[in-house]
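> Take this structure, written in structure tokens, and hold onto it; I'll ask about it next.
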Amino acid sequence: MTAHAELARYRKTPPPTPNPPNPPATSTTHIDRPRPGDGPLLWRLARDSRTLDLNSAYSYLLWCRDFAGTSAVARDPSGRAVGFVSGYLRPDSPGTLLVWQIAVDESVRGLGIAGALLDGLSARVAAEHGLSSLETTVSPGNLASERLFASYAARHGATLTREVLFAAEEFPDAGHAPEVLHRIGPLHF
């Protein structure tokens with residue numbers, strides 16, 4: 001199926017209704033920058049999510065070292081990572097934060113931690129670098145992610161557009177779903 005056909009099929013499905021505004025993350029949860037020592041915990045959170053493409057443990061260590069400024073970790077009172085969002089500023093569009101992965105430990109899902117991670121990270125990146133838009137890719141059918149990003153757009157009064165970024169046939173492994181780019185903007189902080 002071509003990218004055009006995949007997008008047409010995807011667009012026939014109405015966008016998910018955004019979740020109501022996120023309930024506040026628990027008052028004991030702290031949003032922080034990741035440290036290299038968080039890499040193994042982030043790898044486990046990604047693995048245990050059962051929806052994210054799992055990268056090597058080494059890549060999470062490097063990510064926590066080299067992209068800490070554009071990533072965030074949610075910590076419980078003991079300091080343990082219970083959620084994370086990884087991202088980077090696009091080199092050809094430095095006002096655009098691309099969210100690579102976001103995951104929350106199953107034991108604390110539903111508490112607004114994913115929304116708090118996105119809000120906290122985007123506010124920090126906006127203050128430190130300037131931020132006009134946020135991008136991410138979502139596989140069709142991942143309703144939790146679609147709702148998360150639709151809610152983010154609504155909270156920030158921004159427009160959400162979608163288009164196929166990478167069609168299924170562009171991936172070397174058979175059975176990979178297309179990656180649909182969600183672009184949110186303009187953002188104002």
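> Name the pairs: first residue in segment 129-141 and farther than 17 Å from residue 156 by Cβ, second residue of a type in the set (S, T, N, Q) and part of a helix (DSSP H, G or I), Cβ to Cβ under 7 Å, at least 6 apart or on different chains?
138/145
> List, please: which pairs have Cβ atoms under 7 Å, are six or more places apart or on different chains, and start with a residue in segment 66-79 that is over 13 Å from residue 97 (Cα atoms) and end with one that is part of a helix (DSSP H, G or I) and among the β-branched types (Val, Ile, Thr)?
Pairs found: 74/113.
> Return a yes/no flag: does segment 27-42 have any residue that is open to solvent by less than 40 Å² (accessible area, probe 1.4 Å), modelled with pLDDT of 95 or more and under 23 Å from residue 149 (Cβ atoms).
There is at least one residue in segment 27-42 that is open to solvent by less than 40 Å² (accessible area, probe 1.4 Å), modelled with pLDDT of 95 or more and under 23 Å from residue 149 (Cβ atoms).
> Out of (1) within 21 Å of residue 55 (Cβ to Cβ); (2) out of contact with any His (no Cβ under 8 Å at 6 or more places or on another chain), the odd one out for residue 74 is which?
(2) is the only condition that residue 74 fails.
> Something else now. Could you tell me how many of the residues in segment 130-189 are among the β-branched types (Val, Ile, Thr) and surrounded by fewer than 16 Cβ atoms within 10 Å (Cβ to Cβ)?
Of the residues in that region, 2 qualify.
> Give 123, 57, 74 a once-over and let me know the one that is closer than 22 Å to residue 189 by Cβ, open to solvent by 10 Å² or more (accessible area, probe 1.4 Å) and at pLDDT 95 or above.
Answer to the check: 123.
> Out of the residues in segment 86-113 that are of a type in the set (D, E, K, R) and surrounded by fewer than 17 Cβ atoms within 10 Å (Cβ to Cβ), which is nearest to residue 184 (Cα to Cα)?
90
> In addition: Within segment 43-52, which residues are free of Cβ contacts under 8 Å to residues at least 40 places away in the same chain and more than 12 Å from residue 86 (Cα to Cα)?
Within segment 43-52, 44, 47, 50 meet the criteria.
The values are calculated or read from the model by the stated rules, or taken from the named source; none is laboratory data. Keep in mind that this is a model prediction, so the values were computed, not measured. Positions of Cβ are backbone-derived with ideal geometry, glycine not excepted, and every protein chain shown enters the neighbour counts. Remember, those area values only see protein heavy atoms, side chains included, never the ligands or the DNA or RNA. Shrake-Rupley method; radii C 1.70, N 1.55, O 1.52, S 1.80 Å.
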